[in-house]
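What follows is a short report on a single structure.
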Amino acid sequence: MTAQLIDGKALAALKGQETAEQVEAFSRRTGIQPSLHVLLIGDHPPSYIYVKNKKKACDLVGIKSVVHQLPFGVSQEDVIRLIRLLNSQEDVHGVLVQLPLPEHLNAQEILETLDPKKDVDGLHPYNLGRLLMKKPLLVPCTPQGCLQLIMSVENNIQGKTAVVIGRSLLVGRSLGALLTNYDVTVTLAHSKTKDLKEISSKADILVAAIGSPEFITGDYIKEGAIVIDVGINRIFLKDGMSCLKGDVDFKEAKVIAGFITPVPGGVGPMTISNLLINTVKAAQLHMDNILYKS
Ligand code: GUN
């Protein structure tokens, strides 16, 4: 058996067209261009690339984007002050703090300072709480992207079993809650899970968000399963070149799985696609707030 590829790049392009239409309709209706402000702190090389890609995607659909580049040594107080300022500005609709942050900064306090209605990453406790309550407002982008990829090949996921490996807030925990809201039976596995191979090889849906290149070999996968690879690991080769590898050993997985996402071109484009969707939603929430108040 050879797995069918789940093309995240194509799905994201399709969703990008829809978002561009929504941006245009919103701007026509309100006279306002949706805007996203990104805080890029320090000098973490992958973050530079991610933020550059986010900016490019905003340009493509007509969202205004502003990057606030702050030095590695910026103080907690200065970051909080900037977020409070962005919270108060009428023409700022979405705010994203690119992670990871330098160790001296308290990410939790920074994320909690953000206005939940501008929290396009969906990581504020208010948004995570709403997700748990099955009343989502702004949903974290990567989990939402994983769900869309799964549902692009299997519309009826009710009652299916999923094993999500990785319990970060950014991906695993949030995806566990999201899939549960769709009546999937979820096992949230992690580095301390015993018998991981046995558990994951029974799952209809397997999501790998581990951060370890090619960790998931063929024997972790059930025949015909949907495999979603969230990992993006840069591997440096002897000749000075580098390449990207997922958390799944693609060669082994593709002869066992029914459907599989590639790296790159799987989950990554969907994360960005959902950031754009959330930014338009945040702009709409902002307008609703103004109309509601007046
Ligand atoms: N770093 C890696 N992925 C993400 C993401 O989706 N959002 C933020 N804020 N930081 C990240």
Per-residue Cβ neighbour rank within 10 angstrom, fewest leading, 167, 29, 84, 173: 29, 84, 167, 173
Partner aspartates and glutamates for residue 254 [C-alpha distance under 13 Å; skip if fewer than 8 residues away on the same chain]: 214, 219, 223, 229
Estimated distance in nm for a label pair at residue 135 and residue 88, the labels positioned 7 Å out from Cα along Cα-to-Cβ: 3.0
Of all DSSP beta bridges in the chain, antiparallel share, percent nearest 5: 10
Largest-first principal axis extents of the Cα set of the range 1-52 (Å): 52, 34, 9
Cα centroid of the range 145-167 to Cα centroid of the range 187-252, whole Å: 15
Amide proton proximity set for residue 70, modelled H, under 5 Å, gap of 5+: 40, 41, 42
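Please list, by residue number, every one of the trypsin sites (Lys or Arg not before Pro) in the range 182-249 that is coil in DSSP and has at most 16 other beta-carbon atoms within 10 Å.
Qualifying residues, ordered by number: 192, 194, 202, 238.
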Value of D in µm² per second that Stokes-Einstein yields for the chain, Kirkwood Rh from Cα pairs, at 10 °C (1.306 mPa s): 80
Segment residue 20-residue 244, extension gain: residue separation times 0.36 nm, minus the distance between their alpha carbons: 77.7 nm
Amide H within-cut-off set for residue 187, under 5 Å, with H built and near neighbours excluded: 162, 163, 164
Cβ-based exposure ranking for 151, 133, in which fewest neighbours within 10 Å come first: 133, 151
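Using DSSP loop states and a limit of at most 15 other Cβ atoms within 10 Å to flag GluC sites (Glu not before Pro), what is the longest stretch of the chain containing no flagged site?
With a cap of 15 other Cβ atoms within 10 Å, the longest stretch comes to 1-89.
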GNM flexibility winner over the chain from 45, 213, 102 (Cα, springs under 10 Å): 45
Centre separation in Å (Cα based) which lies between the range 273-287 and the range 32-95: 15
Descending principal axes extents, the range 238-294, alpha-carbon based, whole Å: 61, 35, 12
Spatially close lysines, pair count over the range 22-176: Cα under 30 Å, gap of eight or more or interchain: 24
Against the rule of thumb 2.2 N^0.38 Å, how large the Cα Rg of the range 132-223 comes out: 1.03
Simple label model, 7 Å out from Cα along Cβ direction - residue 185 to residue 219, nm: 2.5
Reachable lysines, given that their alpha-carbon falls under 21 Å from the alpha-carbon of residue 251 and they are not under 8 places away in the same chain: 9, 197, 202, 222
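Taken together, the values in this text are just the output of simple stated rules run on the coordinates, not laboratory data. Everything numeric here is computed off the predicted structure, so don't read it as measured data. Note that we place each Cβ from the backbone using ideal geometry, even for glycine, and neighbour counts take in every protein chain shown.
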